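**Q** Take this structure, written in structure tokens, and hold onto it; I'll ask about it next.
Derivation of every value follows stated rules applied to the coordinates shown; laboratory data play no part. Remember, it's a predicted structure, so these values are computed and weren't measured experimentally. With ideal geometry, Cβ positions are generated from the backbone for all residues, glycine too; neighbour counts draw on all protein chains shown.
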Amino acid sequence: MVLVLVLVLVVGAAAVVLGVALVAGATAWRAGVHAHASNKTAAVALTPACVWRISPELVVALDEQFGEPVDAYVNGSQVWLRDDGPGGITLEWRLHPVAGFRRPLDTGTYEVFAAVALALETGGTPPAPPASLWDGLEAFAAYGDEVEPATLRAAVTEALGLAPDAAGLVDHTAVGDEWERTGGRVSIVDGLLRQLGA
């Protein structure tokens, strides 16, 4: 009888230990799944940026202050790289094309900006109105340097001579993904301004 009682107690204790182990294992598994899921969710990278809406005055200011772009793309983008950010950091100044950009037929990819700017400055007729080519300008740290939006705003205003229409933190990935998904049929500048609440 005593032997049976001892066996019952041993078996009961083993069951308790096994139950605790199973509960602990299940808890650890849930924690592991949660941690794995959290690791899969990447943090959104936000970039300090300043944005201007397009205007003839903006094109003229770019030409007078910066000269011709250092690069131009078939999609209409015009780019300047300049060390006029806060503390001398390099800024990328990018004139973003309108959705569905079409280059003027008689003007080459690398000639568009210069031709439009010259016409505006001399009272001539540009190959196309600026608003039919570009939506606006964006300036941001070219190589990911950390900078406060307010500090960036002050620096770009001094460099260009025109204050931006909006400044703050933007998600370039979200805007770029939408632009690529639609084959360039959305406005990058509109997307940036929406993020900035402007």
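**Q** Being touching a Lys or Arg at 6+ places or on another chain (Cβ under 9 Å) and assigned to a loop (DSSP other than H, G, I, E, B) narrows it down to one of 99, 139, so name that one.
**A** Just a single option satisfies the conditions, and that option is 99.
**Q** Looking at 106, 135, which one is among the acidic types (Asp, Glu) and crowded, with 17+ Cβ neighbours inside 10 Å?
**A** 135
**Q** If we scan region 171-185, do we find a residue that is among the small types (Gly, Ala, Ser), surrounded by 18 or more Cβ atoms within 10 Å (Cβ to Cβ) and within 20 Å of the chain's Cα centre (by Cα)?
**A** no
**Q** Go through (1) under 23 Å from residue 107 (Cβ atoms); (2) in a loop (DSSP other than H, G, I, E, B); (3) in contact (Cβ under 8 Å) with a residue 12 or more places away in the chain for residue 124 and report which single condition fails.
**A** So residue 124 meets the others, but not (3).
**Q** While we're looking at this one, here's another question. From the set of residues in region 175-198 that are in a helix (DSSP H, G or I) and touching a residue at least 40 places away in the same chain (Cβ under 8 Å), which is farthest from residue 78 (Cα to Cα)?
**A** Only one residue tops the list, namely 193.
**Q** Hey, can you tell me all the residues within region 40-96 that are closer than 19 Å to residue 180 by Cβ and in contact with a Lys or Arg (Cβ under 8 Å, 6 or more places away or on another chain)?
**A** Residues satisfying the conditions are 74, 76, 77, 79.
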